[in-house]
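Worksheet: one structure, shown below.
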Amino acid sequence: MLLKKYAGNPILLPNPANEWENLMVLNPAVVYDEVKQEFVMLYRAAGDTEMHLIYLGLATSKDGIHFVRQSDQPVLGPTEDNADAGGVEDPRLVQFGEWYFLTYASRPYAPGRYWLQAPRPWVNPPEVGPQFLKWNDTVTYLAITKDFIHYKKLGRITDTRTDDRDVILFPETVGGQFIRVSRPMYWCGKGYPCEKPAIWIAKSHDLMEWPHSELLIKGEQWWETRKIGGGCPPIKTADGWILLYHGVCDADGEYRVGALLLDLDDPAKVIARTKDPIMWAEEPYEKKGFYNGCVFPTGNVVVGDEMYIYYGSSDSVICLATCSLKELTAFLKNECRIG
């Protein structure tokens, strides 16, 4: 396996002392604060409650492995009776200047205990109106912060009709425009260039409006037959942007991890793509949980040549894998080049 999993995984567990995070922690966003020389993690968390509201907690680390929670309260949560009242999910972070830009998925109603397929009596949409209300589809929102404690929610940046999540911003503008990748669930099948949910790429002048998207990649291999989606924010190298992504296999429903190398000046151009997964579920904490067989990378940090990859495991705990950035880049260039 190209990525080396930390022997001491999981690195963050649910906290039984706090109701909002006593059931699961997963899918974190992680950045490295150069000034403080510390890793900063925003992690998704939820408690053992019927509504299963979803929050973000804050933890920091000096070594990228041992994280310490910074509060007994969530630092970001749903806004009651608003469009993100169901929770704030699956954060991704990038930095522009002194501001950190946070994309997160949310929904109008609490998701409930989704792993049980239980009835959700609190979901009571009107008989007529937006279709996404009936399905409680996710929408991606944008928020900004300077200190990871105080946030300004700026509103949605995806179309509410497409159940679009896994929305990830590039950490730099390209050609004077912001770039994002996303996975609109309903952009597939008849009339679309992909049969199953795939990864799309778009440009914007202001981060809020994204007038045109184009298909970046679709599932091609056996482990991508159900859907694919973005993982972590892209990493810029001299050879191109490295983007980790996930694929889901129809045969077993498990999540696996792949990697792309995208052109620096035109990220819609794929230079290289892994044919086989570079990480998959193996350990007991990855194979069994609230989603069995799920390894879901959402944060990566590079310090020196070391690449720290943070992932949610079985929707239950948070884990770490590492690799050499030089080795991963060379593997993509030499073994996975397209054309």
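Seen from ARG120, the other residues with C-beta closer than 13 Å to its C-beta sum to a net charge of +2, counting Lys and Arg as +1 and Asp and Glu as -1. Principal axis extents of the C-alpha atoms in the range 4-335 (largest first, rounded to whole Å): 54, 48, 42.
How large is Rg/Rh for the range 83-126, to two decimals, with Cα atoms and a Kirkwood Rh? Can you show the working numbers first?
Details: Rg = 14.6 Å, Rh = 12.5 Å.
Rg/Rh: 1.17.
With coordinates expressed along the principal axes, the C-alpha atoms belonging to the range 192-258 extend over 41, 31, 18 Å, beginning with the largest.
Considering only PHE67, PHE96, PHE296, the Gaussian network model of the chain with Cα springs below 10 Å gives its largest mean-square fluctuation to PHE96.
Taking the fewest neighbouring Cβ atoms within 10 Å as the starting point, the ordered list for LEU320, LEU13, LEU264 is LEU13, LEU264, LEU320. Among MET1, MET307, a tally of other beta-carbon atoms within 10 Å of each Cβ gives an order, fewest to most, of MET1, MET307. In terms of surrounding Cβ atoms within a 10 Å radius of their Cβ, SER71, SER61 rank from fewest to most as SER71, SER61. Direction-averaged projected area, Cα convex hull, the range 207-311: 8.2 nm², rounded to one decimal.
Show me the ranking of peptides 126-138, 210-222 by mean Cβ neighbours inside 10 Å, starting with the highest.
Working: 126-138: 13.6, 210-222: 16.0.
Highest-to-lowest ranking by the protection proxy: 210-222, 126-138.
For the cross-link pairs LYS269/LYS326; LYS190/LYS218; LYS134/LYS218; LYS4/LYS288; LYS152/LYS196, the ones whose C-alpha atoms lie over 24 Å apart are LYS134/LYS218; LYS152/LYS196.
If you wrap the tightest convex hull around every Cα atom of the range 129-185 and split its volume per residue, you get 116 Å³.
Taken together, the values in this text are just the output of simple stated rules run on the coordinates, not laboratory data. Here the structure is a predicted model, which means the values were calculated and not measured. Glycine gets a Cβ as well: all are built from the backbone with ideal geometry, and neighbour counts include every protein chain shown.
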